[in-house]
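A.B. asks: Structure in structure tokens, see below.
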Amino acid sequence: MANSSTTEEEQPADADVFLAIAHPIRRRILDRLARDDLTVTQLAAPFAVSRPAISQHLRVLREAGLVAERRQGRERRYSLQPQPLAEVSDWIHQYDHFWRTRLAALSNYLDEQDEQDEQDEHAEQEQ
């Protein structure tokens with residue numbers, strides 16, 4: 001029986017938040033939009049790419065729900081929509097415990113090595 005709802009596998013690749021933020025230019029666009037709403041011309045200014053290339057990046061960001069577009073007179077202004085980034089934050093948060101555990105184990109190992117080195121040094125001095 002066919003399911004009419006869209007599954008993750010059926011979504012266009014460009015709708016994937018992780019794919020959208022994978023490109024460094026798109027991450028920089030998001031950084032700039034976090035400060036202020038901007039036009040394509042304003043967004044394109046610091047990049048060594050064409051305005052059509054910036055428009056393509058904006059399309060990917062819009063499809064991922066990270067950017068909203070609105071008309072203001074003859075211009076289109078873009079604004080950050082940070083809500084989808086919660087998915088990225090949640091995914092990264094899963095690894096917090098992993099890294100805390102690994103770093104604590106490393107710290108313990110290094111402390112044990114320091115203690116062993118001190119014991120070895122003390123034993124050599126007694127001989």
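The values are calculated or read from the model by the stated rules, or taken from the named source; none is laboratory data. Quick caveat, the model's predicted, so the values are computed rather than measured. For neighbour counting, all protein chains shown are included, and Cβ atoms are generated from backbone atoms with ideal geometry for every residue, glycine included.
A.B. asks: Going by the conditions given, is Ser55 out of contact with any Phe, Trp or Tyr (no Cβ under 9 Å at 6 or more places or on another chain) and in a strand (DSSP E or B)?
C.D. replies: no
A.B. asks: Counting only residues that are assigned to a strand (DSSP E or B) and either of a type outside the set (Lys, Arg) or on the phi > 0 side of the Ramachandran plot (or both), how many does segment 64-77 have?
C.D. replies: Qualifying residue count, segment 64-77: 5.
A.B. asks: Ok, one more. Say we look at segment 23-60 and pick out the residues that are in contact with an Asp or Glu (Cβ under 9 Å, 6 or more places away or on another chain) and of a type in the set (A, V, I, L, M); which of these is nearest to Glu75 (Cα to Cα)?
C.D. replies: Val40
A.B. asks: Something else: Across segment 11-27, which residue is nearest to Leu66 (Cα to Cα) among those that are at pLDDT below 90 and part of a helix (DSSP H, G or I)?
C.D. replies: Result: Ala15.
A.B. asks: If you go through segment 43-52 one residue at a time, how many are outside any loop (DSSP other than H, G, I, E, B) and exposed (fewer than 15 other Cβ atoms within 10 Å of the Cβ)?
C.D. replies: Result for segment 43-52: 2.
Condition check ((1) in a helix (DSSP H, G or I); (2) of a type outside the set (Gly, Ala, Ser)) across all residues:
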| residue | (1), (2) |
| --- | --- |
| Arg62 | yes, yes |
| Ser79 | no, no |
| Ala86 | yes, no |
| Gln94 | yes, yes |
| Ser107 | yes, no |
| Leu110 | yes, yes |
| Asp117 | yes, yes |
